[in-house]
Amino acid sequence: MKPILRQTLPLTALVAAAALSMIPSARAEVPATCVKGVDLAKLGPKSIVGQGPHGEKAASPEVLALSEADAAKIKEKNFKVGISMQTVNLDWSQLQIQGITDTLKKYGVTVTGVASAEYQVDKQIADIENTIQQHPDGIISIPVDFTATAPTYKKIAKAGIKLVLMDSIPTGLKHPEEYATMVSADSQGNGQIAAQILASCVAQGGTIGLVNFGVDYFSTNERTKGVREWMKANRPDIKMKQVDFTDPPKVSQIAGDFLTGNPTSRDCTRCGINRRSTR
């Protein structure tokens, strides 16, 4: 997992744990298709590969724990938490929300609402400001944008509300004054796993395609980095072609057009896809 910075406050620990509850780990579930020569039991890095957005050393989720005394204190306080998502219209997003709400419910924490920005900066700014007005004790959020949303995220701490971020940290936010922690999957490690599985399907000298999220976003940048580094180190014979997308609903069309225009990429069973909508 990406940077999970230890905190002593029970609510902060709980909110971080809730955000962690449905983050996918670096495990692989592969259909029995073209994949060969890959031992799934041993697949993937043995430890965390990536670092945080600012070079922070990442910590495993096992470092985060609530004592029975902390749990009892949380239940007594009747805390409230708001959620601000980049979108709720993805299976991945729905799983995150389910994991967060189920975890918080165990400790008597109420979710005041779930906002969906639909990848729109102005919408997320309004969502966060509206959530602040509900006076929750904490907010869990995945930013749509690094820069434009940053001034609004700064308002959360000024309002005395704890902030736990997912996948990214808005520009200029300081830890621990303006956010409690950031949680994410080991995206660079996941990229290495994807590369290893895909490479097992590709003949010597073959070509693969990478359908890439064409926005400067930390977690997807890390996955692309993981794929490219693994291929360079382990399968330099493979040629890689890339096409970018920025509108998730159009990714299938873009991938199809890419394959039509690059028939040699059909040497692999499927293109490597790096996108926020396939968490």
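Before moving on, here are some points about what is shown:
- Leading residue by the ranking (nearest to LYS162 (Cα to Cα)) among those in segment 86-109 that are in a loop (DSSP other than H, G, I, E, B) and among the β-branched types (Val, Ile, Thr): VAL109
- Residue within segment 110-133 that is surrounded by fewer than 13 Cβ atoms within 10 Å (Cβ to Cβ), at pLDDT below 95, out of contact with any helix residue (DSSP H, G or I) (no Cβ under 6 Å at 6 or more places or on another chain) and in a helix (DSSP H, G or I) present: no
- When SER47 is tested against (1) without any contact (Cβ under 8 Å) to a residue 12 or more places away in the chain; (2) closer than 28 Å to PRO248 by Cβ; (3) polar (S, T, N, Q), just one condition goes unmet, and that condition is (2).
- Every residue from segment 141-182 that is farther than 15 Å from GLN124 by Cβ and in a helix (DSSP H, G or I): ALA157, LYS158
- Failed criterion for LEU104 (all others in (1) surrounded by fewer than 17 Cβ atoms within 10 Å (Cβ to Cβ); (2) in contact with a strand residue (DSSP E or B) (Cβ under 9 Å, 6 or more places away or on another chain) hold): (1)
- If the condition is being open to solvent by less than 10 Å² (accessible area, probe 1.4 Å) and either over 19 Å from GLN253 (Cβ atoms) or assigned to a loop (DSSP other than H, G, I, E, B) (or both), then segment 208-219 contributes ILE208, TYR217, SER219.
- Selected residue (criterion: nearest to GLN134 (Cα to Cα)) from residues of segment 73-92 that are open to solvent by less than 40 Å² (accessible area, probe 1.4 Å) and over 20 Å from the mean Cα position of the chain (by Cα): PHE79
- Every residue from segment 116-139 that is under 22 Å from TYR217 (Cβ atoms) and of a type in the set (A, V, I, L, M): ALA117, VAL121, ILE125, ALA126, ILE128, ILE139
- The residue that is surrounded by the most Cβ atoms within 10 Å (Cβ to Cβ), counting only those in segment 174-205 that are under 20 Å from the mean Cα position of the chain (by Cα) and of a type in the set (A, V, I, L, M), is MET182.
- Against the criterion of being modelled with pLDDT of 75 or more and within 30 Å of THR171 (Cβ to Cβ), THR87 qualifies.
- Members of segment 244-262 found to be open to solvent by less than 40 Å² (accessible area, probe 1.4 Å), at pLDDT below 85 and outside any loop (DSSP other than H, G, I, E, B), listed by number: PRO248
- Condition met for THR149 (within 21 Å of GLU62 (Cα to Cα), open to solvent by less than 10 Å² (accessible area, probe 1.4 Å) and under 18 Å from the mean Cα position of the chain (by Cα)): no
- Some residue of segment 224-242 being at pLDDT below 90, open to solvent by 10 Å² or more (accessible area, probe 1.4 Å), more than 30 Å from ASP137 (Cβ to Cβ) and of a type in the set (Phe, Trp, Tyr): no
- All conditions in (1) out of contact with any helix residue (DSSP H, G or I) (no Cβ under 6 Å at 6 or more places or on another chain); (2) farther than 16 Å from SER84 by Cα; (3) open to solvent by 50 Å² or more (accessible area, probe 1.4 Å) hold for THR171, with the sole exception of (1).
- Of the residues examined, PHE218 is one that is within 20 Å of the chain's Cα centre (by Cα) and under 30 Å from LYS158 (Cα atoms).
The values are calculated or read from the model by the stated rules, or taken from the named source; none is laboratory data. The shown structure was predicted, so the numbers you read here are calculated from the model rather than taken from an experiment. Neighbour counts are summed over all protein chains in view; Cβ atoms, including those assigned to glycine, are modelled from backbone coordinates with ideal geometry. Accessible surface is based on the protein model in full, side chains and every heavy atom, while ligands, DNA and RNA are left aside. Shrake-Rupley method; radii C 1.70, N 1.55, O 1.52, S 1.80 Å.
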